[in-house]
Every structure is written in C-alpha cells, then in structure tokens.
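Scroll down for the structure; my scribbles are underneath it.
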Amino acid sequence: MIFNQGYSIAKRYAKNAAFALHIDLGWASGVGGPLNSRIVAREQYWIMNSTAPPKVKALSRMVGDKSVMRRYAQTMGLNLSRSYYDVPSIALIDFDSLPENVVIKPNNSWSSNCVLIIKETELLSGTKVPRSELRDFCQQRFERLDVVPGVAPRILVEEFLQDYDQRFIIPRDFKVFVAGGRAWIIQVLDRNGPPELHNHSFYTREWTRINDRFQTSLKKGPTFPKPELLSELLKAAEFVARDTGVFARLDFYLTTRGVVFGEFTAYPVGGIGFTQLGERYLCNLIDRFPDSIPDGWSADRPRLPQVAKLDIA
C-alpha cells in the first residue's frame, strides 16, 4: 500500500494549506467538518481500499499522477500546454534548450507545492533566478518537496501560458466544480503579486458573481467580466465530467490560444477552508450526484465514442 492510512492526502493537503494560508482549522486537531469528512471518505475508498473496483483504482491513479492525467487529457482531445520534458530526474533536463519562460513541477504533488513559474524570476516566490543557476535552484527546491510518501516524483517541464487578459502575467486559474456531468461553480484564482495579494472570486455557470464568501483561504477578488471563452470552458469541463462520472474540481486556463486544461482535482483543498455556504453547496452536490464511474473506465480509452474528440481551439 502506498499510503499510510493514518496520514492521508486530504490530511496532508489540509495541514499544508492551513500552514501556508494561516487558516485556523478545527479539524486539524481531529474534528472533521461535513465536506472534509466526505473528501477523506472518498480518498480512503479510492486509494486505501484494496477491494475497490478496477475503475476506481484507474481513476485514482490518474488523479494522483499528472503524467497519466496529461495522457488522459490528450486522449480526450483537450487543449494542453506544450510539454518539453517528463523525466525521472532533473539531471536529464537540458536547461539551455528550454524557452526563457517555462513551468517546472513534479507529477505527484498538490496545490502549487513546488510549482516553479520561471520568467527571469520564479514568480510565485519572487526569487530572481538567472538561467545559469536554474538547474541548482530547481534541485534545491525539489529536495524539499512534499509529495506522496514512497513515490519518487517525475519532473514535468511545460509551456508558460499567457492569460487571454495580458494584464495577468501569471495566468489565472478557472476552477470548475462539476458533479453529475454538469458544471456548477467557477472559481477564478489570481496568484499574481505577493501572497497577501492573491485572491479569488466565485461565479455560477451563467457568470453571476457569488457575493457571499464561499471559501476563506484567500481574500475576495474583483468581479471579472464574463469571459468570451466561457461556453468553451463549460464545454470542456462537462466533457470530462460526463466521462468520469464523479464530483471534481477541474482546473483550466483561458489563454491567448483558447481554453487549456490544467488539472483534475478529486480532493479540492482537502475539503477545508470553506464557509458554511460553500460547504453546504458542495456537500449538496456530492450527495445529490454520487460518484458513478463507468464500468471499464480507463485513462487511456475515451468512454464517449459517440462524442468526437473535443475541439475547442
């Protein structure tokens, strides 16, 4: 078994998030809220239960490995960032061959843990990194990496995407909460600037701003105008939602070359840091639309043969 049953992904994620975001979490001392309890129960079934069906194990493996996740997105015909390297060691990367602006990350971490966004500076930390020092900088950062216990990470080097609104140097995340094959809530996360300026805002699928606090991990952001790519975003999210049949948060970027898939998140924020409104809303989705992974589901075979590969570019 890869994971120690007493120290789960959801718990590790929540502890890391609480420390990084200064959230006072009652559950950290053993009290689990309704959403966190549901997320932990899912994780225990998906990952720790040796008798879980093959379709559950297949989806769990995809969720925990960004390399497999990327292959799945390619199979589904989703628009992706360009991939430069997917290797087991930093030593195998020819840094001189890389574009000036790149993203370097492990394949099995969570949140923005050890994601390096390089544009002369490492943008999330604000550290100036000359190209001649980039290899050593990455080596030092990945030595402190907090990832899945017992599983050595692969290193992914990908394209630095450009937000469709060029005022944002780091592209904003458009995180879509899906259940029952449908998109319900969209979270827009802006990580530009120092951490104290990071912010988010929440919208309905029709792009009505949810003014009440939905999650407390970041400050409330401005209200953004309805994106021209909203219909394409919903189309991509619901394509994946119908194929997998589960509650999830699907992360995308709206870029100068269209909607780009980022990540499939089965344990969003470990189910912690939500307001009563956010927790009630997401618990209701989980309860109304129980996970229904199709028989025979595989990350390497689309389940929707009647639907052509998604063309949203």
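The values are calculated or read from the model by the stated rules, or taken from the named source; none is laboratory data. None of these values were measured; they are calculated from a predicted model. Methodologically, a virtual Cβ is constructed for each residue, glycine included, from the backbone with ideal geometry; neighbour enumeration extends over all protein chains shown.
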task = State whether the residues of region 109-129 include one that is over 26 Å from L35 (Cβ atoms), among the basic types (K, R), more than 17 Å from the chain's Cα centre (by Cα) and in a helix (DSSP H, G or I).
result = no
task = Name every residue in region 64-94 that is modelled with pLDDT under 95, farther than 20 Å from V259 by Cα, touching a strand residue (DSSP E or B) at 6+ places or on another chain (Cβ under 9 Å) and assigned to a helix (DSSP H, G or I), in order of residue number.
result = I90
ask   = Of all the residues that make up region 249-283, how many are modelled with pLDDT of 95 or more, hydrophobic (A, V, I, L, M, F, W, C) and part of a strand (DSSP E or B)?
value = 7
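Within region 193-244, which residues are aliphatic (A, V, I, L, M) and under 18 Å from the mean Cα position of the chain (by Cα)? It would help to see each step written out before you state the result.
Filtering region 193-244 down to residues aliphatic (A, V, I, L, M) leaves 197, 210, 218, 229-230, 233-234, 236-237, 240-241.
Passing the criteria: L218, L233, L234, A236, A237, V240, A241.
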note = Taking region 130-147 and keeping residues assigned to a loop (DSSP other than H, G, I, E, B) and either touching an Asp or Glu at 6+ places or on another chain (Cβ under 9 Å) or at pLDDT 90 or above (or both) leaves P130
task = Answer yes if at least one residue in region 199-207 is at positive phi and without any contact (Cβ under 8 Å) to a residue 60 or more places away in the chain, and no otherwise.
result = yes
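Step by step: first the residues of region 220-264, then only those that are basic (K, R) and touching a residue at least 24 places away in the same chain (Cβ under 8 Å), then the one that is farthest from L197 (Cα to Cα). Which residue is that? Before the answer, list the steps.
To start, the set of residues in region 220-264 that are basic (K, R) comprises 220, 226, 235, 242, 249, 257.
Next cut, touching a residue at least 24 places away in the same chain (Cβ under 8 Å) only: 235, 242, 249, 257.
Details: K235: 31, R242: 35, R249: 23, R257: 27 Å.
Per the stated criteria, the residue is R242.
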